[in-house]
Amino acid sequence: MDSTPPVIDGATTLVGIIGQPVVHSRSPQMHNAAFRALGLNWAYVPFPVEPAELGDAVAGLKALGVRGFNVTIPHKQAVMPLLDDISPAAVAIGAVNTVVIDGGRLVGHNTDGEGFLRSLTEAHRFRLERSRALILGAGGASRAVCDALARAGVPALRISNRSAGKAEELAATIRAHHPGCDAKALDWNPLDHRAAINWAELIVNTTSVGLHVGDGSPLDTNGISPGHIVADLIYNPPQTPLLQKCAALRARTLNGLGMLLHQGAAAFALWTGKDAPVDVMRRALDGEPRPS
């Protein structure tokens, strides 16, 4: 991997990521390696933004001439009223993870769903149209994953969230946009989770539980078997407590690094108008050590 630092000058085009936290993000390494590989005078910067400062931050990025930015927890839904336009896919999902600033207009997109599906099908061979899925969480990332799975033909989803109302609303949204998908909300409790584990072939954690040192698993893994695929959208650490427990039970597991790669490649193309050098971006992610 080319570790040469980018040369920043008055002609450098800036992009970045807003969220809280963003200290763990590997997106800067991935995108800056891609810019170097294509000889682009661009740079990608992380911007920690508290929820109360979101409006000021978005206005500031626009004023500074930034070309675009990724959006991560907890801003994927809150950023939407601040944008001038939103792609139909992002409207259907109800969340934005990529913003393009063009001619002073802020346009929101969502590349998370595409990134998740590419990562999942790249890592594991199975029939999505025959697989039932349990989704933990109902935030912006969950909305993208649920929409992508429903579009890919998954016949049934069960969505569990600590705030039951958010799970109910997301399930209703999926049913409205994908009438062929049986999407229902579950209460967040061990009994319902255990029944859903026995029912599902695919389990996806979209919550932030497992991101921080000392976190446990968001799910009691009793009932997990080698027939399950368990995905966690967290990629740093690469093995969350959930994935560790499920791997010990011989389930097939997947962390969020592949989703990060493929959603990032799609965002790169939106910003630059060029195909992303996916192999370069993959090597940058594989070679990036975890921050201490």
Give me the aspartates and glutamates in straight-line cross-link reach of LYS62: C-alpha distance below 12 Å, same-chain residues under 8 apart excluded. ASP84, ASP102
Quick one: Cα centre-to-centre distance for segment 52-69 and segment 232-253, in angstrom? 35
Please give the FRET efficiency for ALA248 paired with ASN189, using the beta carbon to beta carbon distance and R0 = 25 Å, rounded to the nearest 0.05. 0.60
Diagonalise the Cα gyration tensor of the chain and give the resulting equivalent ellipsoid semi-axes, square root of 5 times each eigenvalue, largest first, whole Å. 32, 21, 17
Rg/Rh for segment 50-167: what does it come to with C-alpha atoms and Rh from Kirkwood? 1.03
Rounded to 5, percent antiparallel among DSSP beta bridges of segment 4-113: 40
Need the full-extension length gain, VAL213 to ALA269, defined as separation in residues times 0.36 nm minus the C-alpha distance. One decimal, nm. 16.8 nm
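Every number in this text was worked out from the coordinates using simple rules, so none of it is lab data. All figures in this text were calculated on a predicted structure; none of them were measured in a lab. Quick reminder, even Gly has a Cβ in these numbers, built from the backbone with ideal geometry, and neighbours come from all protein chains shown.
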